[in-house]
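Asks: This is the structure I have questions about; it appears just below.
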Protein chains: 2
Amino acid sequence: MEVITLKDIAKALNLSTSTVSRALRDSYEINEKTKKLVAEYAKKVNFRPNPIALSLKDNKSRAIGVIVPEIANNFFSQAINGIEDEAYSRGYHVVICQSHESLEREKENLRHLFERRVDGILISLSGKTTDIKHILEYSESNFAVVFFDRVPESGGFHKVVADNFSGAFAATEYLIKQGKKRIAHITSPLTLSITKERLEGYKKALEVHGIAIDNELIKYCGFDPEEAKSTINDFMNTQKPDAFFTCSDRLALHCYEAFQNRKDEMPVDTPFFGFTNLNVSHLFHPKLSTVVQPAYEMGGRAAKILLDQLESKRKVKDFDKIVLETYLKIS
Amino acid sequence: MEVITLKDIAKALNLSTSTVSRALRDSYEINEKTKKLVAEYAKKVNFRPNPIALSLKDNKSRAIGVIVPEIANNFFSQAINGIEDEAYSRGYHVVICQSHESLEREKENLRHLFERRVDGILISLSGKTTDIKHILEYSESNFAVVFFDRVPESGGFHKVVADNFSGAFAATEYLIKQGKKRIAHITSPLTLSITKERLEGYKKALEVHGIAIDNELIKYCGFDPEEAKSTINDFMNTQKPDAFFTCSDRLALHCYEAFQNRKDEMPVDTPFFGFTNLNVSHLFHPKLSTVVQPAYEMGGRAAKILLDQLESKRKVKDFDKIVLETYLKIS
DNA sequence: TTAATTTATGCAATCGTTTTCAGGATTTTT
DNA sequence: AAAAATCCTGAAAACGATTGCATAAATTAA
């Protein structure tokens, strides 16, 4: 497979590169016969314009960056699928970076992507990110940014999120309808937007069903597995909840592990709910039910907004916030 | 964050772009004073050479492509982590494509990456790929290829694989030492290199321990979950093995699902082994033990070989085949 | 037949960087 | 003091594509 340039074609057909270029782009200035000649030859030798040359010319890389906490997480890998399908179908490629829940890594990722001259980025914030100064720095220089899933509170950006409130409400309500009254909620640090929204959904469901909110049943857990372990131990030694509802993939897994470490097995009649996209939750013991987010769609929508923005001439002035529905997967 | 070019620096300091370029690359031709002046100014305005311009000049994109069957699979996402760490630390970026176990998609991925002018690719073959003609087409035009995990039989390529034989041997031996004698092996199509190697390990362990090989206990399963289902049903209705050993992530999951669909639960004293990197296998019911591959390392090594090759002047003549050890994770 | 118009093509600049070549200025050698 | 060597710098070409401008050739109008 040989790499062919415009110049090669021009030489072969005894034309100038400009004529060849125009012929291929079907310019009105070029004779039909010439066009056909060029088109046929180009096809024969399998000509493809060098995307790097085009990038240099247009000052556009036709690449977008994605920053997620972790690829090895079903939610994010599904979201990435959505992003890639949208991007590839529109001729963009995708550079993926992981923040590993670290603000420092997130900053490095941004710098790397910026230096690589990506046209814009999609980002789901790290768990340690409390403000977005580092992102604002870049977002001036016509460097478009769209947030998804874990988004900042401040306005002025496009965002795509799940309906965290309703998802948490539905899960909590489901547990209540199963007759549960002491539902523990184990959640992430309050710095994350999703934490607050899910907590509100949980509280609202209790309220609607006339169950008093017991703050002892709500625990915040950072990223250290040990935290989850001691939280679970506390719960089992004191509160003995009759159901669990955790806020994330990671927390659900840490809690399951904490249970495995205890002598007394997790009671089978204590249902466990997670806000996760784990595609194997139904194989867990005890069963793990989940609030599932439309991760693929979320990625695709976020990518679409970004690319639309990149390709539109006028500067956007109003910013979309798209909220996608979740659904329950009962195991 | 402003984007600065050589020309900007040249204008500001009243020098020519060539002098600035040379100063920054510490050329012996440039006066020390000038060098210092330029270096300081460049640092102040945060100059970064435009990678796209460099790519065009060098005819190198400093990007590598990765083709895997599926990102949403722990083995591959861990391998990608290894690839990205190696690549980013050496100033390359990574374009990820998924073949979704389809030969057609794999061909499209190749075409896409080639047109994108990546300098080389890392590939783990799709389950439908039986020959590598489509890859050979490209591998001429100084387009380096390194295979990992699922590699072709033919020589003439760099390869990084797990010691599939030993892994399968160890798992089978473990089951035998647990007193199991009728160990079912459910495996992928024989077109995949890993299938054969793992099957050989399984057979060898039986042989070493004086257990006759029963071909009725060996079943090949494609990618359709229904196949796994009927395989499991067949086994449970007739052979009733006293242990299971599956060849892949996917097969292990399909089998677990098949068991869930049956009335009679999977007997708890029938141990189940998978050749997978599932990081939640210990939370399954019944327990899933696994042969774990060093996925991160595999990705990293493969990337290193590829990048070393890209950066070496002389053409490689002998091709490495690196075999990495697996380990058992008993749940 | 000559001028005006249309048609078809090529030249050259551009994007940002590197690098070859050339040359001016300064210093050293004779 | 002239020739040679050394040092520093800049102009220009190259990478591959696009595009404004110029112009030659063909056609039409007068």
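The values are calculated or read from the model by the stated rules, or taken from the named source; none is laboratory data. Keep in mind the model is a prediction, meaning the values are calculated, not measured. Positions of Cβ are generated from backbone atoms using ideal geometry, with glycine treated the same way; all protein chains shown enter the neighbour counts. For accessibility, only protein heavy atoms count, side chains too; no ligands or nucleic acids. Shrake-Rupley method; radii C 1.70, N 1.55, O 1.52, S 1.80 Å.
Asks: Look at region B:23-40 and say how many of its residues are more than 40 Å from the chain's Cα centre (by Cα) and either acidic (Asp, Glu) or surrounded by 14 or more Cβ atoms within 10 Å (Cβ to Cβ) (or both). Break it down stepwise before answering.
Replies: We begin by selecting, within region B:23-40, every residue more than 40 Å from the chain's Cα centre (by Cα); these are B:23, B:27-40.
Next, from what is left, pick out any that are either acidic (Asp, Glu) or surrounded by 14 or more Cβ atoms within 10 Å (Cβ to Cβ) (or both): B:23, B:29-30, B:32, B:34-35, B:37-40.
Selection size over region B:23-40: 10.
Asks: Which residues, counting only those in region A:56-77, are in contact (Cβ under 8 Å) with a residue 24 or more places away in the chain and of a type in the set (Lys, Arg)?
Replies: Once the filter is applied, which keeps residues that are in contact (Cβ under 8 Å) with a residue 24 or more places away in the chain and of a type in the set (Lys, Arg), region A:56-77 yields A:Lys60, A:Arg62.
Asks: Could you say whether any residue in region B:25-47 is at the interface with chain A (Cβ under 9 Å from one of its Cβ atoms) and within 13 Å of DNA strand C (Cβ to nearest atom)? Reasoning before the result, please.
Replies: At the first step, the residues of region B:25-47 found to be at the interface with chain A (Cβ under 9 Å from one of its Cβ atoms) are none.
Looking through region B:25-47, none of the residues is at the interface with chain A (Cβ under 9 Å from one of its Cβ atoms) and within 13 Å of DNA strand C (Cβ to nearest atom).
Asks: Whether any residue in region A:258-271 is in contact (Cβ under 8 Å) with a residue 40 or more places away in the chain, under 28 Å from A:Ala205 (Cα atoms) and surrounded by fewer than 23 Cβ atoms within 10 Å (Cβ to Cβ) is what I want to check. Spell out the reasoning first.
Replies: Quick first cut of region A:258-271, residues in contact (Cβ under 8 Å) with a residue 40 or more places away in the chain only: A:271.
Add one more test, that the residue is under 28 Å from A:Ala205 (Cα atoms), and what stays is A:271.
Add one more test, that the residue is surrounded by fewer than 23 Cβ atoms within 10 Å (Cβ to Cβ), and what stays is A:271.
For region A:258-271, residues in contact (Cβ under 8 Å) with a residue 40 or more places away in the chain, under 28 Å from A:Ala205 (Cα atoms) and surrounded by fewer than 23 Cβ atoms within 10 Å (Cβ to Cβ): present.
Asks: Counting only residues that are charged (D, E, K, R) and under 25 Å from A:Ser55 (Cβ atoms), which one in region A:113-157 is most open to solvent (accessible area, probe 1.4 Å)?
Replies: Here is the first cut: in region A:113-157, the ones charged (D, E, K, R) are A:115-117, A:119, A:128, A:131, A:133, A:137, A:140, A:149-150, A:153.
Applying the additional criterion that residues be under 25 Å from A:Ser55 (Cβ atoms) yields A:115-117, A:119, A:137, A:140.
Numbers: A:Glu115: 48, A:Arg116: 40, A:Arg117: 38, A:Asp119: 18, A:Glu137: 87, A:Glu140: 124 Å².
So the residue we want is A:Glu140.
Asks: Next question, about the same structure. Is it the case, given these coordinates, that B:Leu253 is within 14 Å of chain A (Cβ to nearest Cβ), open to solvent by 10 Å² or more (accessible area, probe 1.4 Å) and closer than 23 Å to B:Arg150 by Cβ? Explain how you work it out, then say what you get.
Replies: Values: within 14 Å of chain A (Cβ to nearest Cβ): yes; open to solvent by 10 Å² or more (accessible area, probe 1.4 Å): yes; closer than 23 Å to B:Arg150 by Cβ: yes.
So B:Leu253 fits the description; yes.
Asks: Among the residues of region A:212-227, which ones are within 25 Å of the chain's Cα centre (by Cα) and more than 19 Å from A:Ile194 (Cα to Cα)? Break it down into steps so the answer makes sense when it comes.
Replies: Taking region A:212-227 and keeping what is within 25 Å of the chain's Cα centre (by Cα), we get A:220-225.
Answer for region A:212-227, where residues must be within 25 Å of the chain's Cα centre (by Cα) and more than 19 Å from A:Ile194 (Cα to Cα): just A:Pro225.
Asks: Oh, and also: For B:Arg62, state whether it is within 16 Å of DNA strand D (Cβ to nearest atom), under 26 Å from A:His134 (Cβ atoms) and within 10 Å of chain A (Cβ to nearest Cβ). Steps first, please.
Replies: Values: within 16 Å of DNA strand D (Cβ to nearest atom): yes; under 26 Å from A:His134 (Cβ atoms): yes; within 10 Å of chain A (Cβ to nearest Cβ): yes.
Criteria met by B:Arg62.
Asks: Can you tell me which residue within region B:70-112, out of those that are among the aliphatic types (A, V, I, L, M) and at the interface with chain A (Cβ under 9 Å from one of its Cβ atoms), is farthest from B:Arg48 (Cα to Cα)? Full working, then the answer.
Replies: Our first condition is that a residue be among the aliphatic types (A, V, I, L, M); within region B:70-112, this holds for B:71-72, B:79-80, B:83, B:87, B:94-96, B:103, B:110.
Those left that are additionally at the interface with chain A (Cβ under 9 Å from one of its Cβ atoms): B:71-72, B:80, B:94-96.
Numbers: B:Ile71: 32, B:Ala72: 35, B:Ile80: 27, B:Val94: 20, B:Val95: 22, B:Ile96: 25 Å.
Taking the candidates together, the pick is B:Ala72.
Asks: Restricting the search to region A:236-250, which residues are β-branched (Val, Ile, Thr) and surrounded by fewer than 18 Cβ atoms within 10 Å (Cβ to Cβ)?
Replies: If we filter region A:236-250 for residues that are β-branched (Val, Ile, Thr), which is where we start, we get A:238, A:246.
Residue satisfying the conditions is A:Thr238 alone.
Asks: I'm trying to understand the selection: among the residues of region A:158-177, which are among the charged types (D, E, K, R) and in a strand (DSSP E or B)? Before you say what the answer is, go through the steps one by one.
Replies: Of the residues in region A:158-177, the ones among the charged types (D, E, K, R) are A:159, A:163, A:173, A:177.
Hit for region A:158-177 is A:Lys159, nothing else.
Asks: Out of (1) part of a loop (DSSP other than H, G, I, E, B); (2) touching a residue at least 24 places away in the same chain (Cβ under 8 Å); (3) open to solvent by less than 50 Å² (accessible area, probe 1.4 Å); (4) more than 8 Å from DNA strand D (Cβ to nearest atom), the odd one out for A:Ile4 is which?
Replies: (4)
Asks: Could you grab me the full set of residues in region B:16-49 that are within 11 Å of DNA strand D (Cβ to nearest atom), out of contact with any helix residue (DSSP H, G or I) (no Cβ under 7 Å at 6 or more places or on another chain) and not in a helix (DSSP H, G or I)?
Replies: B:Ser27, B:Tyr28, B:Asn31
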